[in-house]
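Below is one structure, written out as structure tokens; the observations come after it.
The values are calculated or read from the model by the stated rules, or taken from the named source; none is laboratory data. What you see is a predicted model; the values in this text were computed from it and never measured. Here the Cβ positions follow ideal geometry from the backbone for every residue, glycine too, while neighbour counts run over all protein chains shown. Ligands, DNA and RNA are excluded from the accessible area calculation, which covers all protein heavy atoms including side chains. Shrake-Rupley method; radii C 1.70, N 1.55, O 1.52, S 1.80 Å.
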Amino acid sequence: MNDTLEIVFGLLGGLAIFIYGMNLMSECLQKAAGERMKQILSLLTRNRVMGVLAGALVTAVLQSSSATTVMAIGFVSAGLMTLPQAISIIFGANIGTTITAQIIAFKISDYIYVFVFGGFIVNFLAKNERVKNIAGTVFAFGLLFLGIETMGSVMKPLASSPVFTNMIAQVADIPVLGVAVGTLMTLVVQSSSATIAVLQNFAAQAGSDGVTSILGLSGAIPILLGDNIGTTITALLASVGQSKDAKRTAIAHSIFNISGAVLFIWFVKPYAAFIQYISPKGAEVDVISRQIANAHTIFNITMTLLWIPLLGVMVKIVTTIIPVGKDEEKKLSVPRFLDKNVLSQPAAALQLVAKEILHCSGLVKTMLLNLKDAVKSQDGQALEEINHYGEAVESLHDEINEYLADLFSSGALTEQQAAQTAQLLYVLSDVDRMGSLSAELSHDMQQRKEKKHDYSPQAMDDLEQSLGYIEAMYADAIQALASGKLEKLEQTIQNREAVLDLDIEMRKHHMQRVSAGTCEKRLSVPFMDILHCVDRMGNSCVNLAEVALNQMNFTYFIGAGTEEK
């Protein structure tokens with residue numbers, strides 16, 4: 001293999017190891033963080049300053065500003081977060097992503113294999129899940145630096161290549177060209193952390209004097225600015241097909257980084273001098289990696305401090321680019337909150353699932369209200385509408401199940417999160433059963449109406465009363481799940497007893513009416529089927545109430561609200 005191919009494949013191989021290590025470290029950190037991730041995410045509902053801090057912390061854990069941005073876009077699209085909140089998260093994400101560059105700047109090449117071997121052995125032998133995740137993080141950390149070391153070793157011959165040094169000189173002398181190179185690199189690799197790692201390694205190569213960097217900090221800063229622009233493409237791609245606020249969030253991310261590049265490109269040399277002044281002193285090749293990391297951090301902190309007071313201006317800019325308009329009304333069967341881009345962040349994905357289940361339960365509540373009214377009015381159109389809602393609930397049930405299956409198959413769930421997922425599925429099954437039984441009742445009533453086999457008014461009065469109990473039981477159980485307030489659940493249990501008593505009375509009354517000739521004998525079997533449906537609905541309501549009583553409520557997932565204070 002000739003030298004050129006060896007350099008190319010060595011660089012690509014090192015980059016692959018680096019990206020794999022970074023992704024593995026992200027996954028293990030998320031699992032090790034466990035419920036702390038949920039606590040960090042709960043900060044998103046506070047205010048713009050807390051949003052910035054939360055965005056920085058989440059990105060430091062995820063090791064990817066793109067992942068945090070995609071998550072924020074998913075939350076905005078799902079209605080779990082307002083546009084100003086999401087934009088503040090993105091400001092913080094840009095700060096959090098600089099942690100990777102700061103870590104890379106540490107010279108730990110002598111300990112790489114200690115991290116790799118130690119992390120692997122502990123991960124392989126450990127039985128405790130948390131210990132395995134921490135060891136996996138250490139192993140991935142070692143791989144990350146192994147990739148950096150590989151890239152650095154294959155780049156050394158480039159420093160002595162006249163052709164390459166001339167090309168680098170042009171980039172160093174023309175800042176706009178450096179920005180273009182950095183943008184293109186990140187567009188290809190889809191990771192600003194990876195391209196900045198390459199930049200740090202390359203800049204650490206010595207020129208002909210053995211002391212000065214082949215690129216220099218003034219040449220590295222424009223490429224760094226381009227890296228920040230290139231990383232916004234992931235957010236823009238994630239917003240395709242999402243709501244208008246999701247698109248605005250992605251555009252805000254682009255504006256933040258582009259405005260920073262446009263501002264800083266005029267002050268490259270003074271900025272480089274400032275970074276050199278505050279950074280460790282020494283031979284340039286020894287300290288330039290730290291200088292690049294500091295330049296990256298201070299750039300993002302400065303732009304965040306500039307934009308936080310102008311958050312309203314940013315919102316106005318993005319709403320002008322994508323003006324307010326009447327969004328096309330979504331079909332009932334289309335999920336409002338599920339976003340597959342968020343599957344790699346289980347804590348966030350479970351929030352969306354809980355919200356979607358509550359949305360689905362709201363459709364069932366509407367079905368029950370309409371069913372009670374339709375029993376009284378015998379309105380065929382109302383019965384048809386209930387069947388339409390039933391189809392939507394069934395479709396949403398399938399979508400949520402598929403989403404949770406994808407979440408399980410991702411392998412990113414901790415044992416505790418897997419248990420929480422099972423609880424969500426338990427609630428979903430009873431919500432779906434309530435929808436199915438409501439649709440079944442509606443369908444039966446519709447068929448009887450079409451065949452002109454009407455139940456007697458007395459039977460309908462009894463059924464309306466029974467459905468009234470069911471509707472109240474279901475509403476109280478769902479309210480308890482959504483809010484965590486359990487005061488009405490005792491009444492729910494009492495209503496169950498009332499439904500059972502009424503069921504016995506309804507059966508007795510029906511037989512009396514058949515004997516008296518006021519009810520048709522042939523309607524006895526279908527009427528008993530209706531009573532059986534109502535009985536099963538009561539059981540499902542009690543199941544939901546018992547889940548809430550066992551301290552499983554959705555405030556754990558969705559928090560107390562999303563309004564900015």
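Side notes on the structure shown:
- Any hit, segment 413-435, residues being modelled with pLDDT under 75, in contact with a helix residue (DSSP H, G or I) (Cβ under 6 Å, 6 or more places away or on another chain), buried (at least 19 other Cβ atoms within 10 Å of the Cβ) and in a helix (DSSP H, G or I): no
- Residue within segment 220-243 that is open to solvent by less than 50 Å² (accessible area, probe 1.4 Å), more than 25 Å from residue 307 (Cβ to Cβ) and part of a helix (DSSP H, G or I) present: no
Listed here are the residues, each with its yes/no results for (1) over 13 Å from residue 443 (Cβ atoms); (2) of a type in the set (Gly, Ala, Ser); (3) free of Cβ contacts under 8 Å to residues at least 40 places away in the same chain.
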{"residue": "364", "(1), (2), (3)": "yes, no, no"}
{"residue": "381", "(1), (2), (3)": "yes, no, yes"}
{"residue": "386", "(1), (2), (3)": "no, no, no"}
{"residue": "391", "(1), (2), (3)": "no, no, no"}
{"residue": "396", "(1), (2), (3)": "yes, no, no"}
{"residue": "399", "(1), (2), (3)": "yes, no, no"}
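- Across segment 61-84, a minimum of one residue is classified as under 21 Å from residue 129 (Cα atoms), modelled with pLDDT under 85, part of a helix (DSSP H, G or I) and in contact with a Ser or Thr (Cβ under 6 Å, 6 or more places away or on another chain).
- Sole exception among (1) within 37 Å of the chain's Cα centre (by Cα); (2) hydroxyl-bearing (Ser, Thr, Tyr); (3) surrounded by fewer than 23 Cβ atoms within 10 Å (Cβ to Cβ) for residue 277, by number: (1)
- The number of residues in segment 101-133 that are outside any helix (DSSP H, G or I), closer than 23 Å to residue 194 by Cα and either basic (Lys, Arg) or modelled with pLDDT of 85 or more (or both) comes to 1.
- Any hit, segment 156-175, residues being at pLDDT 70 or above and outside any helix (DSSP H, G or I): yes
- Segment 91-100, subset of a type outside the set (A, V, I, L, M, F, W, C) and either modelled with pLDDT of 85 or more or loosely packed, with under 15 Cβ neighbours inside 10 Å (or both), residue farthest from residue 293 (Cα to Cα): 92
- Among the residues here, residue 254 does not qualify as surrounded by 23 or more Cβ atoms within 10 Å (Cβ to Cβ) and either in contact (Cβ under 8 Å) with a residue 60 or more places away in the chain or under 30 Å from residue 82 (Cβ atoms) (or both).
- Here residue 40 meets the list (1) at pLDDT below 70; (2) not in a helix (DSSP H, G or I) almost entirely, failing just condition (2).
- Condition met for residue 513 (at pLDDT below 75, out of contact with any Cys (no Cβ under 9 Å at 6 or more places or on another chain) and in a helix (DSSP H, G or I)): no
- Tally of residues being in a loop (DSSP other than H, G, I, E, B) and open to solvent by less than 30 Å² (accessible area, probe 1.4 Å) across segment 338-362: 3
- Members of segment 276-290 that are part of a loop (DSSP other than H, G, I, E, B) and at pLDDT below 85: 282, 283
- Counting the residues of segment 476-501 that are open to solvent by less than 20 Å² (accessible area, probe 1.4 Å) and of a type in the set (A, V, I, L, M) gives 5.
- Sole residue being at positive phi and surrounded by fewer than 22 Cβ atoms within 10 Å (Cβ to Cβ), chosen from 282, 312: 282
- Candidate set: segment 292-306, residues that are open to solvent by less than 10 Å² (accessible area, probe 1.4 Å) and not hydrophobic (A, V, I, L, M, F, W, C); chosen: the one nearest to residue 203 (Cα to Cα): 296
Table: residues versus (1) buried (at least 16 other Cβ atoms within 10 Å of the Cβ); (2) in a helix (DSSP H, G or I); (3) modelled with pLDDT under 90.
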residue: 364; (1), (2), (3): yes, yes, no
residue: 367; (1), (2), (3): yes, yes, yes
residue: 370; (1), (2), (3): yes, yes, yes
residue: 376; (1), (2), (3): no, yes, yes
residue: 383; (1), (2), (3): yes, yes, yes
residue: 386; (1), (2), (3): yes, yes, yes
residue: 395; (1), (2), (3): yes, yes, no
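- Exactly one residue among 12, 53 is over 25 Å from residue 120 (Cα atoms), modelled with pLDDT of 70 or more and in a helix (DSSP H, G or I), and that residue is 53.
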